[in-house]
Structures are given as structure tokens and as C-alpha cells.
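Novice: My structure is below; once you've seen it, I'll send some questions.
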Amino acid sequence: MIRFVYGDEIHNYPTLQDTMHRDRAIQFKQRLGWDVAVDEIGWERDECDALNPLYLIWETPGGRHGGSMRFLPTTGRTMVNDHFSHLADAQIMSPFIWECTRFCLSPDANSRTAALLSVAGGELVRAFGLSHVLGVFDARMVRIYNMIGTAP
């Protein structure tokens, strides 16, 4: 099941919240070797998680995280403007452009999960009347994006 959950509501889904942050730690710290913080309970979180993002989450039938993405409007703080500003000529700020970060798949995700998240992302774009979604991603993700037919 796809869930759209704001950061200030994620605590209402404790298993989903716990497994999402643990899966992020596995993917970003362990598998990809990124320099991210993992806390004492095994969660990967950063300053953007405190900004009330909209999480798009694939919830497994058992109530666990299967995959997720995190969205923030560019009218506020974002990773691209706060940490990757050297990649653009100017700050990107528009109510019609949102940033997508922390695309994460559970180690147990099946081959369709990434595609389902992409389709749900399209629904989010339509529902909020967005013109663009932007994100900075690891070059190793190009293979996965190509596999699911999503051109970054």
C-alpha cells in the first residue's frame, strides 16, 4: 500500500517509521558508504526530516517499510539549496518545484517497488500541481532509474 505521510504524522505509524529509518541507514550508510549520521537506535535521519517533509512510502502487507522517498517544497530549506548549491547557477525556489530525496528501497523490496514509488511520485506531482521535481542523486542510481523507465 502507498502512504503519503507528513513528518509530523509519521509517529502515528511506529513500525513504518522505525523500519524506514533503519532501511535508510542500511542503504545510505552501509551499502552506499555515504557520510550520514546513524543514531543509537539505528536510524538515519538528517536536518530535512525535521522540516515536516511529505514521505511517500510503500508499506508492505506486514506494515513495514518497502521503499520510500522524501519530498520538500523548494520554497523552504532543501538539500539542493543548502548542501548542493554549487550544482546550480542560482537558488531553486518555486511553489511548483519540489525536491525529492532519500529514495530508499528496503533490502527485502521486490523488483516492482521502485516502479510503484515512481508512479506514486507522479500522482503526487499531479495532486500538488507541480511542474518539476528535482533531486541530487548518487550516479549509481542511474542504472536503477533506467531499469524502471524513469529518466532523471
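Novice: Working only within the range 96-107, note down all residues that are touching a helix residue (DSSP H, G or I) at 6+ places or on another chain (Cβ under 9 Å) and free of Cβ contacts under 8 Å to residues at least 60 places away in the same chain. Spell out the reasoning first.
Specialist: Taking the range 96-107 as the starting set, the residues that turn out to be touching a helix residue (DSSP H, G or I) at 6+ places or on another chain (Cβ under 9 Å) are 96, 98-107.
Phe96, Trp98, Glu99, Cys100, Thr101, Phe103, listed by residue number.
Novice: Which residues, taken from the range 20-52, are assigned to a helix (DSSP H, G or I) and touching a strand residue (DSSP E or B) at 6+ places or on another chain (Cβ under 7 Å)? Please lay out each step first, then the result.
Specialist: Within the range 20-52, the subset assigned to a helix (DSSP H, G or I) is 20-31, 47-51.
Result: Met20, His21, Asp23, Arg24, Ala25, Gln27, Phe28, Lys29, Cys48, Leu51.
Novice: Return only the number of the condition from (1) closer than 27 Å to Arg143 by Cβ; (2) surrounded by fewer than 21 Cβ atoms within 10 Å (Cβ to Cβ); (3) in contact with a Lys or Arg (Cβ under 7 Å, 6 or more places away or on another chain) that Pro53 does not satisfy.
Specialist: Only one criterion is unmet by Pro53, namely (2).
Novice: Among the residues of the range 35-52, write down those that are more than 15 Å from His65 (Cβ to Cβ) and under 15 Å from the mean Cα position of the chain (by Cα).
Specialist: Once the filter is applied, which keeps residues that are more than 15 Å from His65 (Cβ to Cβ) and under 15 Å from the mean Cα position of the chain (by Cα), the range 35-52 yields Val36, Asp46, Glu47, Cys48, Ala50, Leu51, Asn52.
Novice: Further question: Here is a check on your reading of the model: is Leu124 touching a residue at least 60 places away in the same chain (Cβ under 8 Å), surrounded by 18 or more Cβ atoms within 10 Å (Cβ to Cβ), of a type in the set (A, V, I, L, M) and within 21 Å of His21 (Cα to Cα)?
Specialist: On the way: touching a residue at least 60 places away in the same chain (Cβ under 8 Å): yes; surrounded by 18 or more Cβ atoms within 10 Å (Cβ to Cβ): yes; of a type in the set (A, V, I, L, M): yes; within 21 Å of His21 (Cα to Cα): no.
Judged against the criteria, Leu124 is not a match.
Novice: I would also like to ask the following. Residues in the range 10-27 that are surrounded by fewer than 20 Cβ atoms within 10 Å (Cβ to Cβ), under 13 Å from Asp49 (Cβ atoms) and among the charged types (D, E, K, R): how many?
Specialist: Of the residues in that region, 0 qualify.
Read-outs: derived from the displayed coordinates by stated rules, not from any lab. Only a predicted model underlies this, so the values are computations on that prediction, with no experimental measurement involved. We place every Cβ from the backbone using ideal geometry, glycine too, and count neighbours over all the protein chains shown.
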